[in-house]
């Protein structure tokens, strides 16, 4: 590489990095800066004093935040495990060659391509307490037994989880499918010659080889699920009884509704740190292995 | 040579004159009006057009945000706190003026909106727009919690509209027994965790002689017996009994839907519901409804929460005068009359209630007037949004759990609200 | 792998179940757009819509849906073009730089993408205000570009890294400059990667809601998801109109997915797993 080349590469990088710095980098810095200050937009008289880690300390003591954290963890744990399971099944299915495979693949992709605003409205309609399809499927015309899914704390969170699983299982399926496709057919053929049944073939060939892909899917999904916002914002805005008040929604309410900019930023920074730690674990466990494989 | 210089000067002057003339006549001032998406965009558009016809020098540009008060609030505050001069006039919920005025976001209208002008409006909305002796907004239309009922069913069973909540329940159960319709429920109201819940629950508390905040002492009274008892009543007797449990997810549209489908005997809503409930194209119970004041607990007076929307002028606007002319026009007798007749909105000017056509076409408005005069504001505080979030959390937790420990929850919420009140008081000193 | 599984009933059942799981909820919702108001909330449900176009008429006339649609096309289209252009340049450079350097830069870019969006919306707004870009297309496009760049750069860098170095070297020997080599040799070969990145960016910009809501208050500039959020009126829940609008918003994406599903799948595989 000549010095001229090096200059050229740096020059090529500049526009992208500039846009990123302006619209993401600087805002992130500002958000982190705010999280160390007390900034209440409705009360400019109080100025914006530096408060050190007070906002984070407050966050640890805030029972609402703890509750939100718990809900978010439940949301992340259930959605990711179901999405991986369903994603794996779909991926195994699509990996077969059969007529109409393309059409099936397209069907599976559709939920993922639908705007979250639309799918959230759709699930509100399906979960309706008076004329929702889900009640009809379970209880038929006996409307007296219909469950008001979004009106009860336990079921409201479940409804949110179901909506998320529906929307993003296909994404998990795609990532897993990618792992499946790199497994050479010869392995299966050899196994079959040796007389291995389909279950054994799955356990001894497929499973070990798609584990990295599963982990990738798991981490992509965990990172996204931790930051869930749109879905809850449209479907329930947090209620009833804070049952769907996921961390990002709580942060939004603190910042944009109540105007606690510092405290709200602290919530976001905390979510970021959690996600970052998860991402580092992800890179440690699989990244190294994959990078070696590539090199 | 000389003449040509002279003529040139004249020409230039003439051109200059011509150009400034163009500037003055052809380039009207734009003012931006930020509001939410209405259900009758035509009515509003026509009013704005009429204003522009009367004021050829001013052009109004409309910007729209979601109708949800909370989401709209987020957008307005985002602009105001950043001293955004690109908005001149905006629509304000009745709970915002103290917050906005304290933050210095609103133009002080005291010199323009004179005392004798204010006297022509109903007192509730004027009080809501007043902060520390100065007025910051002009009320456009108002609302108050009203009690709708099925007049046909009440007549059939020989009932007068209920005066107490218990009476409502006993009448309701009798009607339910007689009608034997599993889809019918007694009461439909708004119990979702959102701003509307605060209104509905405060009405229960007020009608039990309680309060949420004692404004004189700046003290939270949420954990005191009248409030706790009223909240317990809602949990034990209303949710899942008189109202379907689904009401815990109802805002105004869903609860109104239940009523106009003929699936509820009684219904709490704002004035706008009257014309929809009586519109045969949308309602199955058109002509079979009555409206009045909400019930109360025995020995106490009924109460309804004050709602409604006002115009505020952005402190950072560069067009105070044009903006003020627009606000004056939109809140004039004539405009309020149009909004009442065409959009069913309740006027804030007394004179509109006396208007012949309004009285003829909307006789119910006159009947609402007592409720409007007595409507009670939600806490007037610069930190109202924070208080409201705590109240929503408390009310929703209290009524959504079948076995919630209401006194304990009220204690926690009350302490938090007390802290917020002190925070609000700190800046007012 | 090719198996005889297709003939087995279990396999058929699984296929049907997958299709049902993916499509049924959406089809049911969208079918309500073709119904009448009374059909919409009927129990037992009316399976077959009356094919009344009333809700579509209302969505077009009263809610001005096509306006939102045009804005969405403009915003999502320009976002995609700009992102792909910048990501191509950056990805090419990163693929050429030493692994150690490129990995640090890539990690930095990805870390940016992990930050919760609601926290950066306020500062972005402030910046747009200073530039006078609120309620302008570029005011929405540039933040979307920034938010889609990480994924696009990631995918394209991996694609370029996989290109055989000999090809480029041959082009250089033939007297091409590096940029000419990029345009003439590498880009045509990495079309699948470009394509995938483009589709992902487009879907993101087409669907993004919260930033759009805050930045675009001018009804002439609002995008589709914002428009749908504004449907929720003060008086009734306009399910029919929402369903009609959802149909109109989603149709282009569904068509895109149907046409390009193979490319989406290959691109994602390369992007996620080989990284």
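Any read-out appearing in this document is the output of simple, stated calculations on the displayed coordinates, not a laboratory observation. Everything numeric in this text was worked out from a predicted model, so none of it was measured. With ideal geometry, Cβ positions are generated from the backbone for all residues, glycine too; neighbour counts draw on all protein chains shown.
Ignore the peptide's own chain and count Cβ atoms of other chains within 10 Å of each Cβ in A:243-252; give me the average, rounded.
2
Sort B:281, A:253, B:374 by Cβ crowding within 10 Å, fewest neighbours at the top.
B:281, B:374, A:253
For chain B, with a Gaussian network of springs between Cα atoms less than 10 Å apart, report the residue from B:125, B:271, B:28 with the top mean-square fluctuation.
Maximum fluctuation in the GNM of chain B, among the listed residues, is at B:28.
With just the Cα atoms of the range C:64-168, tell me how far they stretch along each of the three principal axes, in Å, largest first.
Computed over the range C:64-168, the largest-to-smallest principal extents equal 53, 29, 21 Å.
Please give the average number of partner chain Cβ atoms lying within 10 Å of the Cβ of each residue in C:145-156, rounded to a whole number.
Average per residue, whole number: 3.
Sort all Cα-Cα distances of the range A:210-280 into consecutive 10 angstrom bins from zero, then give the percent of pairs in each bin up to the one containing the longest distance.
Going out from 0 Å in 10 Å bins, the range A:210-280 shows 20, 42, 28, 9, 1 percent.
Quick one: among A:234, A:108, A:182, which has the greatest mean-square fluctuation in a GNM of chain A with alpha-carbon springs under 10 angstrom?
Result for chain A, Cα springs under 10 Å: A:182 fluctuates most.
Post the alpha-carbon centroid distance, the range B:64-142 to the range A:72-115, in whole angstrom.
50
How crowded by other chains is B:255-266, given as the mean number of beta carbons from other chains within 10 Å of each beta carbon?
The per-residue average across the peptide is 1.
Tally the DSSP beta bridges in the protein assembly as shown and give the antiparallel ones as a percent, rounded to 5. It would help to have the intermediate numbers written out before the result.
On the way: 29 of 45 bridges.
Around 65 percent antiparallel, to the nearest 5.
Given the options C:159, C:231, C:11, state which has the largest fluctuation in a GNM of chain C using a 10 Å cut-off (strictly under) for Cα springs.
Fluctuation is largest for C:11.
With N residues in the range A:70-121, what two-decimal value do you get for its Cα radius of gyration over 2.2 N^0.38 Å?
That ratio works out to 1.43.
With a/c under 1.5 counting as rounded, go ahead and sort the range C:132-267 into rounded, prolate or oblate using the C-alpha gyration tensor (a ≥ b ≥ c being the square roots of the eigenvalues; past the cut-off, prolate if a/b is larger than b/c, else oblate).
Cα axes put the range C:132-267 in the prolate bin.
Between residue B:177 and residue B:354, what FRET efficiency follows from the Cβ-Cβ distance if R0 is 45 Å, with the result rounded to 0.05?
Details: r = 44 Å, r/R0 = 0.99.
Working from the Cβ atoms, E equals 0.50.
Per residue, how big is the convex hull of the protein assembly as shown when only Cα atoms are used? Give it in Å³.
Each residue corresponds to 219 Å³ of Cα convex hull volume.
Taking the alpha-carbon set of the range A:139-263, what are its Rg and Dmax in Å?
21.6, 68
What 222 nm value per residue comes from the helices of chain A, counting each DSSP H run with n ≥ 4 as -39,500 (n - 2.57) and dividing by all residues, nearest 500 deg cm²/dmol?
Calculated at 222 nm, the ellipticity per residue is -22000 deg cm²/dmol.
Using just the helices of chain B, give the 222 nm mean residue ellipticity in deg cm²/dmol: DSSP H runs with n ≥ 4 each add -39,500 (n - 2.57), and the total is spread over all residues, rounded to 500. Present the calculation step by step, with values, prior to reporting the outcome.
Values: 19 runs with 210 residues, N = 429.
Computed ellipticity for chain B at 222 nm equals -15000 deg cm²/dmol.
Find the relative contact order for chain A and round it to a whole percent, using C-alpha pairs within less than 8 Å whose residues are 6+ positions apart.
Over chain A, the number comes to 27 percent.
Which residues in the range B:272-311 have a backbone N closer than 16 Å to a point placed 7 Å from the Cα of residue B:156 along the Cα-to-Cβ line?
B:284-290
Report the Cα-based extents of chain A along its three principal axes, largest first, to the nearest Å.
Rounded to whole Å, the extents work out to 79, 77, 31 Å.
If you average over every viewing direction, what projected area does the convex hull of the Cα atoms of the range B:273-429 give, in nm²?
Computed as one quarter of the Cα hull surface, the answer is 14.7 nm².
Apply 1/(1 + (r/R0)^6) to the Cβ-Cβ distance of residue A:103 and residue C:99, taking R0 = 30 Å, and write down the FRET efficiency to the nearest 0.05.
The computed FRET efficiency comes out at 0.15.
With r defined as the distance between the Cβ atoms of residue A:5 and residue C:107 and R0 fixed at 35 Å, what FRET efficiency is calculated, to the nearest 0.05?
Approximately 0.95, to the nearest 0.05.
Please state the shape class of the range A:48-97: rounded when a/c is under 1.5, otherwise prolate if a/b exceeds b/c and oblate if not, all from the C-alpha gyration tensor.
Numbers: a/c = 7.88, a/b = 3.37, b/c = 2.34.
Here the range A:48-97 falls in the prolate category.
Can you give me the three principal axis dimensions of chain B from its C-alpha atoms, in Å, biggest first?
Extents along the principal axes, in whole Å: 105, 51, 35.
From the alpha carbon gyration tensor of the range A:26-154, can you work out the equivalent ellipsoid semi-axes (sqrt of 5 times each eigenvalue) and give them in Å, largest to smallest?
In descending order, the three semi-axes are 42, 25, 15 Å.
Taking chain B as the reference, fit the longest principal axis to its C-alpha atoms, fit the long axis of helix B:384-400 to the helix C-alpha atoms, and give the angle between the two in degrees, 0 to 90, nearest 10.
On a 0 to 90 degree scale, this one is about 30.
Can you work out the PRE-style zone for residue C:163? Point 7 Å along Cα to Cβ, and I want the residues of the range C:79-105 with backbone N under 11 Å.
Hits in the range C:79-105 for residue C:163 at 11 Å: C:88-89, C:91-96.
Using a basic spin-label model with each label point 7 Å from the Cα along Cα→Cβ, how many nm lie between residue B:27 and residue A:33?
3.6
Send over the semi-axes of the range C:1-154's equivalent ellipsoid, whole angstrom and largest first, taken as the square roots of 5 times the C-alpha gyration tensor eigenvalues.
41, 30, 14
Taking 7 Å along the Cα-to-C-beta vector as the label spot, tell me the residue A:60-residue B:333 distance in nanometres, rounded to one decimal.
6.6
In bins 10 Å wide, starting from 0, what share of all Cα pairs of the range B:117-157 does each bin hold, as a percent?
Spelled out bin by bin, the range B:117-157 gives 23, 34, 15, 16, 11, 1 percent.
I need the shape label for chain C. Rule: rounded when a/c is under 1.5, else prolate if a/b > b/c, else oblate, with a, b, c from the alpha carbon gyration tensor.
Taking the square roots of the gyration eigenvalues as a ≥ b ≥ c, chain C is oblate.
So what does the Cα-only Debye profile of the range B:321-392 read at q = 0.15 Å⁻¹, as log10 I(q)/I(0), no solvent term?
-0.68
State, in angstrom, two size descriptors of the range C:43-107 derived from its alpha carbons: Rg to one decimal place and Dmax to the nearest whole number.
Computed over the Cα atoms of the range C:43-107, radius of gyration and Dmax are 23.3, 65 Å.
Taking only Cα atoms, what is the 0 to 90° angle, nearest 10, from helix B:363-374's long axis to the longest principal axis of chain B?
It is inclined by approximately 80 degrees.
Does anything in the range A:54-83 have its amide N under 12 Å from the 7 Å Cα→Cβ label point of residue A:281, and if so which residues?
Inside the label zone: A:77.
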